[in-house]
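> Here's a structure for you.
The values are calculated or read from the model by the stated rules, or taken from the named source; none is laboratory data. All values reported here derive from a predicted model rather than from experimental measurement. Because the Cβ atoms are built from the backbone with ideal geometry, glycine has one as well, and the counts that use them run over all protein chains shown. Each accessible area value is taken on the protein alone, full model and side chains, heavy atoms only, with ligands, DNA and RNA left out. Shrake-Rupley method; radii C 1.70, N 1.55, O 1.52, S 1.80 Å.
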Amino acid sequence: GRLYTEEDPLVILTSDTLKQTLFNSSTAWLVQFYSSWCGHCIQYSPTWKALAGDVKDWSQAIRIGVLDCAHEKNFDICKEFSIHFYPTFRYFKAHSTTFDIGKTYRGADREIQTVRQLMVNFLQNHTRRDWPAGCPPLEPARTENIQSLIGLKSDHYTAVIIEDEESYIGREVILDLMPYEGVVVKRILNSEKVLMEKLGITTAPAAYLFYPNGTHAGMDVQKRIRFFFSSFLKLLPGVHRKQPSSVQQPEQAAIKDQSKSELFKEFDKSKVYMVDLESGLHYLLRVELATHKTLEGVELKTFKDFVTVVAKLFPGRQSVVKLLETLLEWLISLPLEKIPYEAILDLANNKMRISGLHLSERVQWLGCQGSSVALRGYPCSLWTLFHVLTVQAASRPDALANTALEDDPLAVLQTMRQYIGTFFGCRECGKHFEEMAQESISQVKSLDEAVLWLWRKHNQVNARLAGSMSEDPMFPKTQWPTPDLCPTCHEEQDGLHVWNEDMVLAFLKKHYSAANISPKYTSDVHPEAGSVVANKAISTPSSVLIKGLKPSPDGVPKHMKQTDRRGTGGIQKEPNLPFLGLGFSGVDMSLCVLLYAFSCIFLMLMFFFFRVRSKRWKIKNHRPFV
Ligand SMILES: Cc1cc2nc3c(=O)[nH]c(=O)nc-3n(C[C@H](O)[C@H](O)[C@H](O)COP(=O)(O)OP(=O)(O)OC[C@H]3O[C@@H](n4cnc5c(N)ncnc54)[C@H](O)[C@@H]3O)c2cc1C
């Protein structure tokens with residue numbers, strides 16, 4: 001296959017585009033001329049992609065490109081640029097109007113940190129005349145300029161990085177924050193003793209923050225490294241990514257207006273919310289599926305697998321879990337090859353009025369709230385749901401036993417893949433997700449790896465969507481979990497941000513565990529057990545529901561045992577006793593017993609009544625033979 005694709009965060013150049021891209025460009029360029037048959041280039045390509053991802057936010061100042069000299073079409077251009085060896089790295093200044101074949105980089109090594117620091121040096125080689133338009137100043141600020149900020153009110157934050165002369169952190173953070181508005185980053189050298197003393201800073205690197213309201217304080221980050229400083233600043237309230245083009249400005253205004261009219265509910269981003277998950281399930285079952293009149297073939301199989309996974313793993317409220325379990329029992333007991341959607345809807349709406357089954361028909365987002373109705377919401381809840389499910393599968397490996405999906409570490413991921421490809425309304429999303437799955441899903445060998453795979457892929461999507469139209473300016477797409485949520489998840493190796501995956505796994509298992517799901521805003525009224533009991537006995541299609549029920553070997557009904565094992569943080573309702581697979585509540589059962597006792601007594605009374613009567617009759621009509 002090709003070494004680089006359109007999905008990579010870099011620009012693929014060809015003979016048709018190279019010159020027009022480089023000449024008089026508003027940004028500087030670093031281009032790798034490679035050859036797709038050169039083993040070295042192949043081995044180096046992951047590093048180059050990682051570098052491009054690392055400096056993606058610098059693109060208004062300097063951009064990364066590649067050109068394949070082994071492509072027949074590019075033979076001439078590579079000759080014209082005097083490329084003799086592969087790979088060759090060339091820098092091109094911004095705004096160059098004369099023919100320029102670039103400056104070849106021959107550095108100490110080709111490691112990411114070395115190349116990235118050279119990119120900074122190269123940017124600083126520009127003069128005031130050819131300085132890339134979007135690039136802020138990289139030189140250290142003057143003491144007076146920082147001192148004058150003290151007590152000054154402003155419409156933005158100013159962050160000051162204090163560092164020694166050799167350090168690159170300040171310049172890297174300045175470049176990292178380039179596409180964001182609401183914050184200005186400056187750097188100052190720790191040789192400025194007077195200022196250091198005034199701000200009370202003793203060690204470098206350090207960061208200081210001047211707030212819009214005129215106050216100032218040291219920046220509180222767990223690790224004094226580039227990623228932590230940049231992340232902290234990107235997540236400040238009021239700091240967000242600039243919109244890509246001015247075309248979107250009116251829309252932006254509309255977003256702000258709507259957020260004012262709709263009441264924004266406070267939430268804690270270190271929690272997962274049950275209302276988001278239930279709203280997502282509601283939307284999935286009642287809205288997304290509704291576009292399919294009947295389900296058959298792949299669709300039916302996909303839906304069955306989805307229901308299996310949620311019925312067995314969703315750590316939800318009793319009423320919702322019961323509804324999913326009933327749906328599952330009904331699906332597996334039906335030998336039909338085609339199921340009308342209406343039948344599914346009837347079950348989702350509990351038309352049979354089985355007590356204790358309920359899924360709210362409200363869409364209410366909390367952790368998935370967007371700043372406008374078009375943003376976040378359902379896709380956010382779907383990601384959240386599947387993260388919860390992979391974590392549940394890893395913590396309860398036997399949960400899918402006796403189902404079509406048992407003993408498969410990929411069960412949840414494959415179900416998600418099928419669902420996204422078959423039903424998810426966003427076709428493009430489905431295509432992308434399928435590409436990612438084809439590339440690497442087969443490497444997943446355990447339930448823990450499945451948790452990490454989904455996390456990794458979600459971050460890949462976040463990286464791709466950062467700065468795009470579907471990004472909510474109030475919730476910028478970041479590599480998640482951010483350092484404020486999990487400081488130990490982040491490390492720096494040779495100047496490059498790396499994840500500590502053991503820590504990430506531990507964090508995911510905690511964050512998406514049942515214990516971390518908040519029941520906030522979930523309470524809603526639904527038909528209580530007693531009020532529908534008479535009705536149910538008549539209208540339950542029990543012939544359908546009872547079929548296909550397999551009691552477990554120890555006599556304890558399957559779904560009872562499972563619901564007991566889900567820790568739902570005390571939000572379950574009164575437990576229902578399973579009887580013939582139907583959800584009878586305690587009230588139902590006692591009424592049954594009472595009715596039974598009454599009918600026994602009645603029958604006995606009848607029996608004695610007739611016995612006594614027949615005896616009397618015999619005596620009365622007794623005529624002894626003469
Ligand atoms: C399978 C799938 C594919 C998609 N593909 C596309 C696409 O190609 N193009 C497009 O425009 N939109 C796509 N979307 C939608 C997009 O990914 C977002 O869901 C949507 O833009 C809403 O974003 P959000 O800010 O609410 O956060 P989301 O990305 O929806 O994330 C929801 C929550 O999950 C948590 N989270 C974030 N990252 C991670 C992670 N790595 N691991 C675990 N938890 C995390 C955070 O708490 C976050 O708030 C896709 C959605 C799905 C479900």
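> In the stretch 1-29, how many are under 11 Å from LEU67 (Cα atoms) and either open to solvent by less than 10 Å² (accessible area, probe 1.4 Å) or hydroxyl-bearing (Ser, Thr, Tyr) (or both)?
Summing the residues that are under 11 Å from LEU67 (Cα atoms) and either open to solvent by less than 10 Å² (accessible area, probe 1.4 Å) or hydroxyl-bearing (Ser, Thr, Tyr) (or both) in the stretch 1-29 gives 6.
Listed here are the residues, each with its yes/no results for (1) in the same structural domain as LYS153 (by TED's automatic domain parsing); (2) open to solvent by 80 Å² or more (accessible area, probe 1.4 Å); (3) at pLDDT 90 or above; (4) under 17 Å from LYS477 (Cβ atoms).
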residue: PHE210; (1), (2), (3), (4): yes, no, yes, no
residue: VAL221; (1), (2), (3), (4): yes, no, no, no
residue: PHE227; (1), (2), (3), (4): yes, no, yes, yes
residue: PHE232; (1), (2), (3), (4): yes, no, yes, yes
residue: LEU236; (1), (2), (3), (4): yes, no, yes, yes
residue: GLN248; (1), (2), (3), (4): no, no, no, yes
residue: GLU251; (1), (2), (3), (4): no, yes, no, no
residue: SER259; (1), (2), (3), (4): no, no, no, no
residue: LYS269; (1), (2), (3), (4): no, yes, yes, yes
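> Within the stretch 344-359, restricting attention to residues that are open to solvent by 30 Å² or more (accessible area, probe 1.4 Å) and outside any loop (DSSP other than H, G, I, E, B), which residue is farthest from the ligand (Cβ to nearest atom)?
Ranking the candidates gives ASP346 first.
> Can I ask one more? In the stretch 63-91, which residue that is crowded, with 19+ Cβ neighbours inside 10 Å and of a type in the set (Lys, Arg) is farthest from PRO179 (Cα to Cα)?
ARG90
Okay, residues lined up against (1) charged (D, E, K, R); (2) in contact with a strand residue (DSSP E or B) (Cβ under 8 Å, 6 or more places away or on another chain); (3) modelled with pLDDT of 95 or more:
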| site | (1), (2), (3) |
| --- | --- |
| PRO136 | no, yes, no |
| GLU165 | yes, yes, no |
| TYR180 | no, yes, no |
| ARG187 | yes, yes, yes |
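> Among ARG427, ARG417, ARG362, which is the only one that is within 10 Å of the ligand (Cβ to nearest atom) and at pLDDT below 90?
ARG427
> Filter the stretch 450-472 down to the residues that are more than 8 Å from the ligand (Cβ to nearest atom) and open to solvent by less than 10 Å² (accessible area, probe 1.4 Å) and list them by number.
Once the filter is applied, which keeps residues that are more than 8 Å from the ligand (Cβ to nearest atom) and open to solvent by less than 10 Å² (accessible area, probe 1.4 Å), the stretch 450-472 yields ALA450, VAL451, TRP453.
> Still on this model: Looking at the stretch 118-157, which of the residues that are in contact (Cβ under 8 Å) with a residue 40 or more places away in the chain and of a type in the set (Val, Ile, Thr) is surrounded by the fewest Cβ atoms within 10 Å (Cβ to Cβ)?
Per the criteria, the residue is ILE150.
> Evaluate the following for GLU342: is it more than 15 Å from LEU284 (Cβ to Cβ) and without any contact (Cβ under 8 Å) to a residue 12 or more places away in the chain?
In short, yes.
> Suppose we keep only residues that are of a type in the set (Val, Ile, Thr) and open to solvent by 10 Å² or more (accessible area, probe 1.4 Å) within the stretch 382-411. Which one would you say is farthest from TRP365 (Cα to Cα)?
THR403
> Within the stretch 370-381, which residues are more than 9 Å from the ligand (Cβ to nearest atom) and open to solvent by 10 Å² or more (accessible area, probe 1.4 Å)?
Residues satisfying the conditions are SER372, VAL373, ALA374.
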